[in-house]
Amino acid sequence: MTTKIVLFNHKGGVSKTTTTYNLGWMLASLGKKVLLVDADPQCNLSSLILGEDFEKYYFEPTTQFQNIKDGVKVAFQGKPKPIEAVSCFSPAVNGNLFLLAGHADLSEYDASLSFAQNSNNAITALENLPGAFNELIGKTAARYNIDFVLIDLNPGLSAINQNLFISSDAFIIPTNPDPFSIMALNTLSVVLPRWVDWAERMRPLFADATYPLANAQPKFIGELIQRFNIRKGKAARPYRDNISEIKNIVREKFAPEIAKHHMLFPQAVYDEVGISDDFCVLELKDFQGLLPKSYEAGVPVFALTSAQIAETGSVLQGLETNRDRFHEDFKALAYKIIGLEKYAKGV
């Protein structure tokens, strides 16, 4: 049984791609088979996984069409062929992790998908578009016996983002401790319930399509607060007020609003996996000097070896301490996700 989780915030610069990468890698390291879906035309997630082979991947005949855009092309171009699973890249050092690569031109499909989703199925030629991405992800996940699908969306309120969000089982909202993340949460408290309501209304209209809308009900796992500096073991003073305000707005406004639309797990479920009433699943300080080393080594920050850190003395010790802290942070987050697995599917 596959659980699909979207990481989404329409505010950019919240490190959602890096979080998707690190969380997916940790889940895979704990024995889960994980499919990372790059639905952002910037393709940063694909670049992280593919590393030096990134450009080659899109030009080699054996891999150039193995991506999210070409995977749904037959539906969007009206070709009489079924959507098939994509062949996914898997890093040699983590055989449980798979990439459904992104594509720089994915947004070309946004206008036609938006038209299809707003046509109320009045145009037969468009009826298969709203279910196409879900079909591709489902078939690809089945091919690799995937436990968790993590979907990295671009920062925007596009039709593709809406489509992938309403096809998910659960979602995480990455944030930064700044006023813009607070503004974004206010917007999402309106937009996300609107998307879910649309799916509930439209699902019957697309029930007879070759690719029907997913029968999913996205549930809020929680917010992740990241990219802040630490002083004396806690967030530096400039960030503290914003961290508190994010937690308060989620607890007092965002969560009550989405609860009206059945987008929360029962409270007992949050209690069971250790998610508090402010829904903060993780406070994650800035990666700082570990991040470029992670990119160079082709592994997450928490998987860097001392040799890959390539420093000496106190600098090495400090980075090793940070690496180990990030390992514990992402492991704790991964176990929360694993604990929610059966509830995300309504078991």
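Say whether the condition of being surrounded by 12 or more Cβ atoms within 10 Å (Cβ to Cβ) and more than 24 Å from Asn44 (Cβ to Cβ) is met by at least one residue in the stretch 104-113.
Yes, the conditions are met somewhere in the stretch 104-113.
So which of Ala39, Ala28, Ala75 is in contact with a Leu (Cβ under 7 Å, 6 or more places away or on another chain), closer than 22 Å to Leu282 by Cα and aliphatic (A, V, I, L, M)?
Answer to the check: Ala28.
Scan (1) over 23 Å from the mean Cα position of the chain (by Cα); (2) at pLDDT below 90; (3) under 26 Å from Asp147 (Cβ atoms); (4) not aromatic (Phe, Trp, Tyr) for the single condition Ala268 breaks and write down its number.
Every listed condition holds for Ala268 apart from (2).
Give me the pairs: first residue in the stretch 326-344 and within 19 Å of Gln267 (Cα to Cα) and touching a residue at least 40 places away in the same chain (Cβ under 8 Å), second residue among the charged types (D, E, K, R) and assigned to a helix (DSSP H, G or I), beta-carbon distance under 7 Å, and six or more apart or on different chains, which are they?
Pairs that qualify, where the first residue is within 19 Å of Gln267 (Cα to Cα) and touching a residue at least 40 places away in the same chain (Cβ under 8 Å) and the partner is among the charged types (D, E, K, R) and assigned to a helix (DSSP H, G or I), are Gly339/Glu272.
For the stretch 56-105, enumerate the residues that are aliphatic (A, V, I, L, M) and within 20 Å of Ile151 (Cα to Cα).
Ile68, Val72, Ile83, Ala85, Val86, Leu97, Leu99, Leu100, Ala101, Ala104
Can you name the helices (runs of 4 or more DSSP H) wholly within the stretch 89-175 that have at least 3 residues being closer than 15 Å to Trp198 by Cα and in contact (Cβ under 8 Å) with a residue 24 or more places away in the chain? Working first, answer last.
Details: elements: 110-117, 132-143, 159-166.
Because the criterion is at least 3 residues that are closer than 15 Å to Trp198 by Cα and in contact (Cβ under 8 Å) with a residue 24 or more places away in the chain, the helices (runs of 4 or more DSSP H) in the stretch 89-175 that meet it are 110-117, 159-166.
I'm trying to understand the selection: among the residues of the stretch 327-347, which are aliphatic (A, V, I, L, M), more than 17 Å from Phe171 (Cβ to Cβ) and in a helix (DSSP H, G or I)?
Answer for the stretch 327-347, where residues must be aliphatic (A, V, I, L, M), more than 17 Å from Phe171 (Cβ to Cβ) and in a helix (DSSP H, G or I): just Ala332.
Can you tell me how many residues within the stretch 33-48 are within 26 Å of Arg325 (Cα to Cα), in contact with a helix residue (DSSP H, G or I) (Cβ under 7 Å, 6 or more places away or on another chain) and not hydroxyl-bearing (Ser, Thr, Tyr)?
Here the count works out to 6.
Let me spell it out: the conditions are (1) at pLDDT below 95; (2) surrounded by 15 or more Cβ atoms within 10 Å (Cβ to Cβ); (3) of a type in the set (Lys, Arg), and Arg251 meets all of them except one. Which number is the exception?
Result: Arg251 fails condition (1) only.
Filter the stretch 301-318 down to residues that are surrounded by fewer than 14 Cβ atoms within 10 Å (Cβ to Cβ) and in contact with a Ser or Thr (Cβ under 8 Å, 6 or more places away or on another chain), then give me how many there are.
Residues that pass the stated criteria total 1.
Restricting the search to the stretch 277-314, which residues are of a type in the set (Asp, Glu), assigned to a loop (DSSP other than H, G, I, E, B) and closer than 30 Å to Ala255 by Cα?
Asp277, Asp278, Asp286
Would you check if Asp278 is in contact with an Asp or Glu (Cβ under 9 Å, 6 or more places away or on another chain), under 15 Å from Thr20 (Cα atoms) and either of a type outside the set (A, V, I, L, M, F, W, C) or surrounded by fewer than 13 Cβ atoms within 10 Å (Cβ to Cβ) (or both)? Can you show your working first?
Numbers: in contact with an Asp or Glu (Cβ under 9 Å, 6 or more places away or on another chain): yes; under 15 Å from Thr20 (Cα atoms): no; either of a type outside the set (A, V, I, L, M, F, W, C) or surrounded by fewer than 13 Cβ atoms within 10 Å (Cβ to Cβ) (or both): yes.
No, not satisfied.
Of the numbered conditions (1) assigned to a loop (DSSP other than H, G, I, E, B); (2) surrounded by fewer than 19 Cβ atoms within 10 Å (Cβ to Cβ), Glu55 satisfies every one except a single condition; which is it?
(1)
The values are calculated or read from the model by the stated rules, or taken from the named source; none is laboratory data. Model, not experiment: these values are computed from the prediction. Cβ sites come from the backbone with ideal geometry, for glycine too, and all protein chains shown count toward neighbours.
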